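The values are calculated or read from the model by the stated rules, or taken from the named source; none is laboratory data. Remember, predicted model here, so these are calculated numbers, not experimental data. Heads up, the Cβs are rebuilt from the backbone with ideal geometry, glycines too, and the neighbour counts pull from every protein chain shown.
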Amino acid sequence: MVLMATTRTELSRFLSRTLTRPGFIAFNGSIRQPEAPPVHRNFSSSAAAAAVVPQREPMGVKDYEDYRRSLYGDITHKALLVDAAGTLLSPSQPMAQIYREIGEKYGVQYSEAEILNRYRRAYAQPWGKSRLRYVNDGRPFWQYIVSSSTGCSDAQYFEEVYNYYTTDKAWHLCDPEAEKVFMALRKAGVKLAVVSNFDTRLRPLLRALNCEHWFDAVAVSAEVEAEKPNPTIFVKACELLGIKPEEAVHVGDDRRNDVWGARDAGCDAWLWGSDVHSFKEVSPNPVIHSFNLGLTTKLTLKLYPFSHLRI
């Protein structure tokens, strides 16, 4: 690792004083999303977790870019790291609907609203059986979540729900243009990796959706044994790609897990749905790169780190 520990600590302290934290809860069903995520989605940014995160003062894009430049110089990004659920992938149906529909034949009587509320409460509780929620296939954790959410402990019911979320029926791509953009990035020499709090079902799920081959590496928390916002998982992804953390930018939908975690590792980071709304916004479009990169549009700021690219 080229990035020195003292530099990373300095960056972390700076960000802790300056980054915005407006009670954000990403894709977890409590603020930004009316439905909680399905059975495998990492919920570490739950209402309980968000409640204990200190409020932070806003910092502009230019302030952050200036600070990174003071540490690393004019770094050109060589890799794009992407979160899975909530950024790359999205559930095709609300979690509570699936729990109820599958559960009807097993005697589940709770309404979808009740299932959702019970799910949130269960997910907000500390998981005391290990330091990680997702160990290997994550079954013990998800058995607890499913039974707590529905009041049903039937093993066959759990297996049906659990296996459903490994299929392409349960998921779709958040951005239909993702493949085109990622192929253009790879053609231009940018390395790509998925960085996700997930159990070992992620790889078969990516294969089911025919998108695993888009990526040079997949860093899964259950395999790395570290969950975002722990910077270890980001560092591991960079090691798999053969780059330094400061040469990567991570895109994810959770401010705490994705943005803060990535920046603590030394990576740059953009928030999906706020800084970035589609993967086109980070693509090395030849038309966009034909102009003077001194332009100050929001899109240009996002494209600037890839300014060495040409298609």
Helices (runs of 4 or more DSSP H) wholly inside region 114-197 containing at least 2 residues that are farther than 30 Å from Ala262 by Cα: 139-150, 155-164
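Take the conditions touching a residue at least 12 places away in the same chain (Cβ under 8 Å), out of contact with any strand residue (DSSP E or B) (no Cβ under 6 Å at 6 or more places or on another chain), in the same structural domain as Pro204 (by TED's automatic domain parsing) and not β-branched (Val, Ile, Thr) and apply them to Arg68. Does it pass?
yes
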Test: residue in region 203-212 that is modelled with pLDDT of 95 or more, under 19 Å from the mean Cα position of the chain (by Cα), within 15 Å of Leu81 (Cα to Cα) and surrounded by fewer than 17 Cβ atoms within 10 Å (Cβ to Cβ): yes
All positions within region 99-135 that are surrounded by 22 or more Cβ atoms within 10 Å (Cβ to Cβ) and at pLDDT 95 or above: Tyr99, Gly103, Ile115, Leu116, Tyr119
Odd one out for Arg207 among (1) in a helix (DSSP H, G or I); (2) more than 22 Å from Asp254 (Cβ to Cβ); (3) touching a Ser or Thr at 6+ places or on another chain (Cβ under 8 Å): (3)
Qualifying helices (runs of 4 or more DSSP H) (wholly inside region 221-273; at least 2 residues being within 13 Å of the chain's Cα centre (by Cα)): 232-241, 261-265
Residue count for region 169-179, restricted to those that are in contact (Cβ under 8 Å) with a residue 40 or more places away in the chain and exposed (fewer than 14 other Cβ atoms within 10 Å of the Cβ): 3
